[in-house]
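J.: Okay, here's the structure, questions in a sec.
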Amino acid sequence: MSGLGEKHWKEVIVVLRNIIPVYDKVNSAISLGKDVKFRRLGIKGRISPKSVVLDAGSGYGNMSRMALEDAKGELTLIMYDPIIDMLRRAKQTFDNGLSVGLSSGIFEYMPFQNETFDVILCGYSLRDAIHLKQAISEMHRILRVGGLLIIVDLGKPDLFMKRVFVSFYLKYLLKVVAYVAAGRKGLKFETLYGTYLKWPRNSQLKVLLQIFSKVEFRTRLMGGAIIVTAYK
């Protein structure tokens, strides 16, 4: 449960660059249409106007848009992602009147001072950390006291039979769903299963988050999806 490691991480980044045109479409399909709902469950009512927010692993900025809606546009917002092309594409989709900062880098070494942010968002991104424990420690460092880390991601159930079902879906059925949604480009989503194998079980992730003062851990889809709020 240490993260992807550098070699696997580089492979995942190459895949993500290649699937930019179909990323959102396939994400929606393979989550059985639940990805937006789970993001909203993570964010709703947790972001106050005037907050300073980091969307870590922002991709197109899906979590950012929901945060802006929740705070009625009154945020200082930075989108942070290792893939610059993702950031450029995301920036183009935001209204001209909104000031959104862009920063590129990895979770393990974030170019921000201690206690900078009120909220950090991780929407289907923390699973791609190179070194998971270090990534969580960095997020804890740059959060202000009382700040929130909101994680929405795949879950790995602790119960064996549930874990078998989720694994079967990600290893076999996901490719079919992704292909139907986006053709041959959708097949590249099969790398998701590799990230899932290196992802800790839900109870193990809770242990890694114990550096936070309080953790609310919710599961959906038999534990195959998690919505976490960790308070510094």
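The values are calculated or read from the model by the stated rules, or taken from the named source; none is laboratory data. None of the values given here were measured: they were computed from a predicted structure. Here Cβ is always computed from backbone atoms with ideal geometry, including for glycine, and neighbour counts include all displayed protein chains.
J.: Return the residues of segment 101-138 that are in contact with a helix residue (DSSP H, G or I) (Cβ under 6 Å, 6 or more places away or on another chain) and over 28 Å from Gly194 (Cα atoms); say none if nothing qualifies.
T.: Leu102, Phe112, Asn114, Thr116, Phe117, listed by residue number.
J.: Could you check segment 124-176 and list, in sequence order, the residues that are hydroxyl-bearing (Ser, Thr, Tyr), surrounded by fewer than 18 Cβ atoms within 10 Å (Cβ to Cβ) and either over 21 Å from the mean Cα position of the chain (by Cα) or part of a loop (DSSP other than H, G, I, E, B) (or both)?
T.: Tyr172
J.: Now a separate question. Taking the condition of being hydroxyl-bearing (Ser, Thr, Tyr) and either modelled with pLDDT under 95 or in contact with a Lys or Arg (Cβ under 6 Å, 6 or more places away or on another chain) (or both), how many residues in segment 105-123 meet it? Let's see the steps before the verdict.
T.: Going residue by residue through segment 105-123, those that are hydroxyl-bearing (Ser, Thr, Tyr) are 109, 116.
Filter once more, keeping what is either modelled with pLDDT under 95 or in contact with a Lys or Arg (Cβ under 6 Å, 6 or more places away or on another chain) (or both): none.
Of the residues in that region, 0 qualify.
J.: Test Arg88 against the criterion of being at pLDDT 90 or above, basic (Lys, Arg) and in a helix (DSSP H, G or I), and give yes or no.
T.: Details: at pLDDT 90 or above: no; basic (Lys, Arg): yes; in a helix (DSSP H, G or I): yes.
No; evaluated as a whole, the condition is false for this residue.
J.: Within segment 25-58, how many residues turn out to be assigned to a helix (DSSP H, G or I) and either among the hydrophobic types (A, V, I, L, M, F, W, C) or farther than 18 Å from Leu173 by Cα (or both)? Give the steps one after another, and end with the answer.
T.: First, pick out the residues of segment 25-58 that are assigned to a helix (DSSP H, G or I): 25-30, 35-43.
From what's left, either among the hydrophobic types (A, V, I, L, M, F, W, C) or farther than 18 Å from Leu173 by Cα (or both): 26, 29-30, 36-43.
The number of residues fulfilling the criteria is 11.
J.: In the set Phe165, Phe189, Phe212, Phe217, which member is closer than 20 Å to Ser31 by Cβ, modelled with pLDDT of 95 or more and aromatic (Phe, Trp, Tyr)?
T.: After ruling out the rest, the residue left standing is Phe217.
J.: Considering each residue of segment 6-21, count those that are in a helix (DSSP H, G or I), under 21 Å from Tyr179 (Cα atoms) and under 17 Å from the mean Cα position of the chain (by Cα), and give that number.
T.: Residues of segment 6-21 in a helix (DSSP H, G or I): 6-18, 20-21.
Filter again for under 21 Å from Tyr179 (Cα atoms), leaving 11-18, 20-21.
Okay, now just the ones that are also under 17 Å from the mean Cα position of the chain (by Cα), so 12-13, 15-17, 20.
Counting residues in segment 6-21 that are in a helix (DSSP H, G or I), under 21 Å from Tyr179 (Cα atoms) and under 17 Å from the mean Cα position of the chain (by Cα) gives 6.
J.: Kindly list the number of the only condition in (1) within 16 Å of the chain's Cα centre (by Cα); (2) surrounded by 21 or more Cβ atoms within 10 Å (Cβ to Cβ) that fails for Ser104.
T.: Failed condition: (2).
J.: To continue, here is another question. Within segment 59-73, how many residues are at negative phi and either assigned to a loop (DSSP other than H, G, I, E, B) or charged (D, E, K, R) (or both)?
T.: Going through segment 59-73, the residues at negative phi turn out to be 60, 62-71.
Retained after the next criterion (residues that are either assigned to a loop (DSSP other than H, G, I, E, B) or charged (D, E, K, R) (or both)): 60, 65, 69-71.
Qualifying residue count, segment 59-73: 5.
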